[in-house]
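Visitor: First the structure, then my questions, so here it is.
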Amino acid sequence: MKLTFSLFVFSLLSIIAKAQSPCEPNIDFESGNFTNWYLYTGSCCPITLSPSAALPARHAITSGAAVDMYGGFPVVDPSAGIYSLKLGNNINGSQAEQARYYVHVPSGSNNYSLLYRYAVVFEDPGHPAAIQPRFEVKAFDSATGNPILCAQYSYVAASTLPGFVKSPISPQPIYKDWTTASVDLSSMNGKTVGISFSTGDCGAGAHFGYAYVDVKCALFETFGIDCLDGNLTTLTGPPGFQSYAWYNQSFTSFYGNGQTIQIATPPVTTTFAVVVTPFPGFGCSDTLFTTRKGSDLAVYAGRDTSVCVITGDKQVPLNAIATTSMQGLSYSWTPTTGLSCTTCSNPIATVSNTITYTVSVTDSSRCIRRDSIKITVAPTVFADLKADKDSICQYYDVWINNTLTNPAGNQFFWATDSAQVIQNDTINGKIKLRWGSPGLKTVTVRVFNKDCEIYDSVQVYIKPTPMSGFEMPLHGCINKPIELFPRNEDSWYYWTIDEKIITDTTYKDKILLSWATSGRKRAALELTGKNGCKSNIFEQSIIIHDNPNAVIEKPSSQKLCFGDKITLKANVNQEYYYDWEPAVYFDNNSYHEVVYSIKKSSTVTLNITDAYGCAGVDSVLVEGSMCCKVFLPDAFTPDGIGQNNKFKPVSIEYHKIHTFIIKNRWGQTVFETNNTNDAWDGTFNGKPQPVGTYMYYLKYICEDKETIERKGSVMLIR
């Protein structure tokens with residue numbers, strides 16, 4: 001088994017040998033910049049890069065107490081210094097980034113390892129692994145460019161990666177909190193090694209990946225003498241490995257497995273070894289050492305506190321509590337600013353600005369324990385709300401103002417009781433609101449900064465505003481009344497209607513309107529409620545159409561007889577509907593050209609309507625007479641069944657028969673009469689006559705005394 005002297009470092013990268021090495025310049029980012037680091041940008045996948053300046057959105061130095069938006073872990077390694085590095089971002093687009101540092105491995109170092117700390121956030125779209133988001137760590141010989149065996153790691157997005165957690169913030173990202181891994185550089189004795197950290201989005205361009213890295217070059221306190229608690233010694237390995245195996249320095253005794261184990265406190269200073277094995281694909285096994293000495297010293301500086309200061313300073317008592325079985329404790333507070341005592345356990349701190357005090361307690365064995373307390377000083381906030389008006393109309397705007405001045409940098413959170421926010425002045429603490437429902441409304445503001453807050457409320461009564469509206473048709477006709485139906489509100493009604501004047505402001509359930517001219521007419525209505533609130537102005541237009549021009553083409557002046565049919569014509573328009581009266585005298589009375597049967601003298605009326613119901617009317621008197629026309633059928637069937645059983649002139653009742661004679665083919669007279677009402681029944685002397693053709697002679701006198709003679713034939717059919 002290879003024995004590699006390493007140390008437990010809660011940072012992303014540490015350089016360890018058997019003896020402490022000088023800190024590589026700015027390898028831990030503690031200069032707060034990228035001095036001695038080489039930066040690159042490019043695309044993925046695979047990751048291809050070119051040298052680049054530091055791009056704020058892709059190479060970022062992180063500091064402060066912020067946490068990652070997806071994983072909730074600190075953006076600065078909590079076990080390292082005050083700065084870390086963030087590579088990449090949550091913007092997709094197949095971007096790739098890299099940060100590289102060159103480390104010289106001292107000559108004669110046969111056991112040399114790097115421990116690095118990283119945290120990763122990936123979107124996991126489920127693509128093939130070759131184009132998934134990734135984080136890569138690679139070490140190589142800077143002289144030859146050759147990769148170092150067991151120092152090439154690619155962490156590719158996958159929901160099955162050990163130690164990764166699905167983000168509660170967004171449905172896709174997975175993340176891994178700060179984790180430790182190692183790189184074995186024992187084979188690089190006396191050489192310069194390039195260490196690169198790279199991130200890449202997915203190759204399809206729609207999913208991101210980024211990572212945090214950090215470096216702490218100082219040795220961890222467990223390298224050397226570590227002060228422990230009571231009769232048990234707790235051994236804790238760096239987090240993030242799959243398995244841990246604890247031994248004594250010579251590997252002759254095995255103590256147990258797990259990141260943390262407890263053993264009896266050794267009576268003398270003892271060195272322990274732990275073999276750490278990463279998850280598959282996350283590095284190689286390594287061996288780390290720690291030297292421990294028992295001590296139960298513990299220190300508590302107190303809970304972090306916040307104070308609100310209006311003006312001047314604030315006095316805050318500090319009280320460090322140290323517990324130990326040893327004697328001879330000494331205290332030292334830093335910084336000394338504002339402290340009544342720097343070497344006692346309970347000084348008074350006079351503060352005017354936020355400050356963190358650290359107390360160091362040393363026991364007689366020179367074991368030192370430290371703890372810190374942060375005192376946050378924030379300006380007091382103020383709130384006193386006033387509304388521009390105690391009551392306003394529904395849908396109107398009102399300003400709610402915080403009348404008291406607050407220090408810069410405070411925030412305002414408003415509870416607006418379902419109001420619509422029209423404008424929010426976050427600097428001066430005022431807000432413009434509008435309510436769509438009536439009633440008493442309460443507005444509350446919370447004024448706060450990081451440590452101080454205050455609330456205040458104000459009430460505004462919202463008066464109901466009437467809603468203007470009415471219904472009327474979109475089209476009308478000249479001089480034809482239309483009906484307008486207003487919305488019923490407890491209000492006064494103010495009408496503006498083209499070519500009309502309505503002075504009555506009371507509600508009417510129906511208004512009749514008509515116009516004597518054609519064109520578009522506008523009607524508008526505004527209401528004023530009995531509470532003084534004015535409505536919206538509701539308006540609508542109606543188009544008034546001209547009535548169709550109905551014109552009947554007059555019939556000719558020739559004499560018309562009853563039974564005649566004449567053609568009547570009207571002006572033609574494809575958009576008109578025609579209706580001729582009386583309808584019984586027409587074969588079809590719905591066309592612009594119709595056939596009229598003259599049955600008596602009467603007035604013919606034409607009604608024309610268009611698609612909007614506009615109407616035009618014209619009429620003409622059609623006069624007829626019986627004239628001297630009669631009609632005799634060509635055949636008859638004297639069988640006593642149905643019609644046409646007798647032969648006689650039709651319409652003869654208007655004239656007088658002088659002579660009506662019927663003869664057979666031999667010239668024999670079979671029927672003769674001068675009575676207008678008589679008809680031949682097909683017999684002679686009471687006997688039915690045979691089927692055949694018979695000749696008739698008719699002489700009749702018309703109403704106008706004209707005498708007419710007619711001859712012809714008729715077929716007797718049985």
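Visitor: When you check G616 against the structure, is it crowded, with 16+ Cβ neighbours inside 10 Å, in contact with a strand residue (DSSP E or B) (Cβ under 6 Å, 6 or more places away or on another chain), small (G, A, S) and in the same structural domain as D564 (by TED's automatic domain parsing), yes or no? If you could, list the steps in order and put the result at the bottom.
Guide: On the way: crowded, with 16+ Cβ neighbours inside 10 Å: yes; in contact with a strand residue (DSSP E or B) (Cβ under 6 Å, 6 or more places away or on another chain): yes; small (G, A, S): yes; in the same structural domain as D564 (by TED's automatic domain parsing): yes.
Yes.
Visitor: Would you confirm whether or not region 410-421 contains a residue that is small (G, A, S), assigned by TED's automatic domain parsing to the domain that holds K441 and touching a residue at least 40 places away in the same chain (Cβ under 8 Å)? Steps first, please.
Guide: First, pick out the residues of region 410-421 that are small (G, A, S): 415, 418-419.
Restricting the remaining residues to those that are assigned by TED's automatic domain parsing to the domain that holds K441 gives 415, 418-419.
From the residues that got through so far, the ones that are touching a residue at least 40 places away in the same chain (Cβ under 8 Å) too are none.
Scanning region 410-421 turns up no residue that is small (G, A, S), assigned by TED's automatic domain parsing to the domain that holds K441 and touching a residue at least 40 places away in the same chain (Cβ under 8 Å).
Visitor: Would you be able to tell me the number of residues in region 362-406 that are of a type in the set (K, R) and within 30 Å of K441 (Cα to Cα)? Working first, answer last.
Guide: First pass over region 362-406, keeping only residues of a type in the set (K, R): 366, 369-370, 374, 386, 389.
From the residues that got through so far, the ones that are within 30 Å of K441 (Cα to Cα) too are 386, 389.
The number of residues fulfilling the criteria is 2.
Visitor: With in contact (Cβ under 8 Å) with a residue 12 or more places away in the chain and over 28 Å from D451 (Cα atoms) as the only criterion, which of S325, S372 stands out?
Guide: Working: S372 fails: over 28 Å from D451 (Cα atoms).
Criteria check complete, one pass: S325.
Visitor: In addition: Could you check I422 against (1) among the hydrophobic types (A, V, I, L, M, F, W, C); (2) more than 30 Å from I544 (Cα to Cα); (3) at pLDDT 90 or above; (4) surrounded by 14 or more Cβ atoms within 10 Å (Cβ to Cβ) and say which number it fails?
Guide: Answer for I422: the failing condition is (4).
Visitor: Taking A378 and the conditions (1) in contact with a Pro (Cβ under 9 Å, 6 or more places away or on another chain); (2) assigned to a loop (DSSP other than H, G, I, E, B); (3) among the hydrophobic types (A, V, I, L, M, F, W, C), which numbered condition does it fall short on, given that it satisfies the others?
Guide: A378 satisfies every listed condition except (2).
Visitor: Among the listed residues W515, W495, which satisfies the condition of being without any contact (Cβ under 8 Å) to a residue 40 or more places away in the chain and in a loop (DSSP other than H, G, I, E, B)?
Guide: Numbers: W495 fails: in a loop (DSSP other than H, G, I, E, B).
Residue meeting the stated conditions: W515.
Visitor: Does at least one position in region 555-571 carry a residue that is outside any strand (DSSP E or B), among the β-branched types (V, I, T) and outside the structural domain of I497 (by TED's automatic domain parsing)? Break it down into steps so the answer makes sense when it comes.
Guide: Applying the first criterion (outside any strand (DSSP E or B)) to region 555-571 yields 555-560, 562-564, 571.
Next, from what is left, pick out any that are among the β-branched types (V, I, T): none.
No, the conditions are met nowhere in region 555-571.
Visitor: Further question on the same structure: Out of all the residues in region 75-92, is one or more modelled with pLDDT of 90 or more, under 30 Å from S107 (Cβ atoms), of a type in the set (F, W, Y) and out of contact with any Cys (no Cβ under 8 Å at 6 or more places or on another chain)?
Guide: no
Visitor: For residues that are outside any strand (DSSP E or B), modelled with pLDDT under 90 and within 17 Å of K554 (Cβ to Cβ), tally how many sit in region 586-621.
Guide: The number of residues fulfilling the criteria is 2.
Visitor: Separate question: In region 622-635, is there at least one residue being part of a strand (DSSP E or B), more than 24 Å from E703 (Cα to Cα) and of a type outside the set (G, A, S)? It would help to see each step written out before you state the result.
Guide: To start, the set of residues in region 622-635 that are part of a strand (DSSP E or B) comprises 622, 625, 631, 635.
The next check asks that each one be more than 24 Å from E703 (Cα to Cα); those that pass are 635.
Subsequent filtering for residues that are of a type outside the set (G, A, S) retains none.
So far as region 622-635 goes, no, none of its residues is part of a strand (DSSP E or B), more than 24 Å from E703 (Cα to Cα) and of a type outside the set (G, A, S).
The values are calculated or read from the model by the stated rules, or taken from the named source; none is laboratory data. Treat the numbers as computed from the prediction; the structure is a model and nothing was measured. Every residue, glycine as well, gets a Cβ built from its backbone with ideal geometry; the counts of neighbours run over all protein chains shown.
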